[in-house]
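**Q** Mind having a look at this structure? Questions to follow.
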Amino acid sequence: AAAAAAGAGVPPGSTGESARLPVGPAASAHELALVSARLDPVTGQPSATGEQALVRTVCALLNTGGGQLRLGVDAGGAPVGIDAEFASVDPPGPAGYEAWLLGLLARQLSQEPQLSVEVEQVAGRSTVVLTVAGADEQVRCRTSSEGEPDELWVLHEQEPVRVSDEPPHRSPS
């Protein structure tokens, strides 16, 4: 993939260590980042919180016209890499990680997402770019291990937000 070329997204003349990728409002319409989707960035152990953040963010992108989600990039756009995540899947490596990622999303979303997965090397670190197409119908996600996908997520000011199915509470007149 041409987009996976080394240094993609790094401004010309920048040193690798100070590379910043566009993330947030200054970037394209919906371009978001997560440091990790599988492992806790502090402990290096598997994290349900990271998986939930991934599922909710992809669900929100699907319901809000699509966009890109960069994994292995901090909120400021600095690449932190996800090589430890590549090593944590079976089989280890980018192909195993992609299979894990697609399997997780297939289990947790109400419909199969239209997306592409690309590995990019930025400042010597592996990152993953998910390009998510907007869905034609509402997509719901399940963030627990059981039950039907029932949570509706959208983007609001570049952040995933759960939409309540409850009617607005009205105070008695």
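**Q** Which number in (1) within 18 Å of Ser36 (Cβ to Cβ); (2) loosely packed, with under 11 Cβ neighbours inside 10 Å marks the one condition that Ser164 misses?
**A** (1)
**Q** One residue is enough: does the range 143-162 have a residue meeting the conditions modelled with pLDDT under 95 and over 22 Å from Thr49 (Cβ atoms)?
**A** no
**Q** Going by the conditions given, is Val139 closer than 13 Å to Ala60 by Cα and at pLDDT 95 or above?
**A** Values: closer than 13 Å to Ala60 by Cα: yes; at pLDDT 95 or above: yes.
The answer is yes for Val139.
**Q** If Tyr97 meets every condition in (1) surrounded by fewer than 16 Cβ atoms within 10 Å (Cβ to Cβ); (2) at pLDDT 95 or above; (3) within 21 Å of Asp40 (Cβ to Cβ) apart from one, which number is that one?
**A** (1)
**Q** Of all the residues that make up the range 37-76, how many are over 21 Å from Val139 (Cα atoms) and surrounded by fewer than 24 Cβ atoms within 10 Å (Cβ to Cβ)? Let's see the steps before the verdict.
**A** If we filter the range 37-76 for residues that are over 21 Å from Val139 (Cα atoms), which is where we start, we get 38-47, 71-76.
Going one step further and asking which of them are surrounded by fewer than 24 Cβ atoms within 10 Å (Cβ to Cβ), we end up with 38-47, 74-76.
Qualifying residue count for the region: 13.
**Q** Just to be sure I understand, how many residues within the range 101-130 are in a strand (DSSP E or B), within 19 Å of Val35 (Cβ to Cβ) and either of a type outside the set (Lys, Arg) or within 13 Å of the chain's Cα centre (by Cα) (or both)? Quick ask: steps written out before the conclusion?
**A** Taking the range 101-130 as the starting set, the residues that turn out to be in a strand (DSSP E or B) are 109, 115-122, 125-130.
Restricting the remaining residues to those that are within 19 Å of Val35 (Cβ to Cβ) gives 117-122, 125-130.
Pick out the ones that are also either of a type outside the set (Lys, Arg) or within 13 Å of the chain's Cα centre (by Cα) (or both) and you get 117-122, 126-130.
Qualifying residue count, the range 101-130: 11.
**Q** Among the residues of the range 37-52, which ones are part of a helix (DSSP H, G or I) and in contact (Cβ under 8 Å) with a residue 24 or more places away in the chain? Spell out how you get there, then give the answer.
**A** Applying the first criterion (part of a helix (DSSP H, G or I)) to the range 37-52 yields 48-52.
Matches in the range 37-52: Glu51, Gln52.
**Q** Give me a count of the residues in the range 54-80 that are touching a residue at least 60 places away in the same chain (Cβ under 8 Å) and closer than 20 Å to Leu152 by Cα.
**A** 15
The values are calculated or read from the model by the stated rules, or taken from the named source; none is laboratory data. Since the model is a prediction, treat every value here as computed from it, not as a measurement. Glycine also receives a Cβ, built like all others from the backbone with ideal geometry; neighbour counts cover every protein chain displayed.
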